[in-house]
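A short write-up of the structure that comes next.
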Amino acid sequence: METRKKGTKRYIFMVSDATGETCNRVVSAALRQFKTTEAVLETIPKVLTPEQIDNVIQKAADVNGIIVYTMVEPESRHMISELGRLKGVPTVDILGPLLTRFSDLLELSPLAKPGLGRQLDDDYFKRIEAVDYTIKHDDSMGLSTLDQAEAVLLGVSRTTKTPVSIYLSYRGWKVANIPLILGYPPPPEVFAIDQRKIIALTVKPSRLQLLRMERQRKLKNCGMENYTDTHQVRAEVNYALDLYQKHEYPVLDVTYKSIEETATEVMRTIYYRMGFKKGKLEPEPL
């Protein structure tokens, strides 16, 4: 195998008919396997015409470079391969062999639409952003950016606010939750945002008492003297219901609902209140 002289730079052009991010990631991952800092990387996105392809090939030829490409159009892949061969430019096709193999195995033809990978990436990063937001807005935290939430859940302790919020965040929703405490009004920020985003959660007192007793057992009764008291629990539930009625918030009874069922009702209610068609805020299922 020929070994290049140390200090000799090698130019690698990452060519794509979309953003070039996929190509960049693959090349970067591969280069980590080599002890070299000699590679000079350049991403060339949105290469869609024969003229653009020809210009890229010539650019690589001028500096004895390598072309690595992710092109979904068979014609574009073929053109890069052939022009590279004619001009002495090494080319590496990342997507072509995979698309061909999948086509054989799945007995389907590729869509040949640039940017589908980017759409998936966008959904992925949207979820990451939503999860980050939701974690930072749990239990009345992050009130200064409460207006950025796509849903705000209200409820007394143990009404599944946090698990429902996290579940929704994995669907790409930015969710905040606000605990209601007997005798104390909600933070003023709650009333300053679009009230259509607010969903009120309630649970039957008997069920809530059981949930709290279980939590109390796990926490070994640390500072929770009145937490499971029958009268206290009922008073908290009634306080919350009075607040919901006063502000005309939609109320979801979560007594016998799973986290998934409650989350689905939250989404459906928000769609209706905001006037969205289903799917407006919802990315593809996980």
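Scanning the range 215-254 for residues that are surrounded by 13 or more Cβ atoms within 10 Å (Cβ to Cβ), at pLDDT 95 or above and outside any helix (DSSP H, G or I) returns Tyr249, Pro250, Val251, Leu252, Asp253, Val254. Could you tell me which residue of the range 160-202 is farthest from Asp132 (Cα to Cα), considering only residues that are modelled with pLDDT of 95 or more and among the polar types (S, T, N, Q)? Restricting to residues being modelled with pLDDT of 95 or more and among the polar types (S, T, N, Q), the top hit is Thr202. Among the residues making up the range 133-160, those that are in contact (Cβ under 8 Å) with a residue 40 or more places away in the chain and hydroxyl-bearing (Ser, Thr, Tyr) are Tyr133, Thr134, Ser140, Ser144, Ser157, Thr159, Thr160. Does any residue of the range 197-208 turn out to be within 23 Å of the chain's Cα centre (by Cα) and part of a helix (DSSP H, G or I)? For the range 197-208, residues within 23 Å of the chain's Cα centre (by Cα) and part of a helix (DSSP H, G or I): present. Of all residues in the range 19-54, those satisfying the criterion of being in a helix (DSSP H, G or I) and charged (D, E, K, R) are Glu21, Arg25, Glu51, Asp54. State yes or no: is Tyr271 at pLDDT 90 or above and surrounded by fewer than 13 Cβ atoms within 10 Å (Cβ to Cβ)? Spelling it out, it is not the case that Tyr271 is at pLDDT 90 or above and surrounded by fewer than 13 Cβ atoms within 10 Å (Cβ to Cβ). Contact map, the range 267-286: first residue within 22 Å of Phe125 (Cβ to Cβ), second residue of a type in the set (Asp, Glu) and at pLDDT below 95, Cβ cut-off under 7 Å, separation 6 or more or different chains; pairs are Met267/Glu282; Pro283/Asp123; Glu284/Asp123.
The values are calculated or read from the model by the stated rules, or taken from the named source; none is laboratory data. In this text, all values refer to a predicted model and were calculated from it rather than measured experimentally. So basically every Cβ, Gly included, is an ideal-geometry build from the backbone, and we count neighbours across all protein chains shown.
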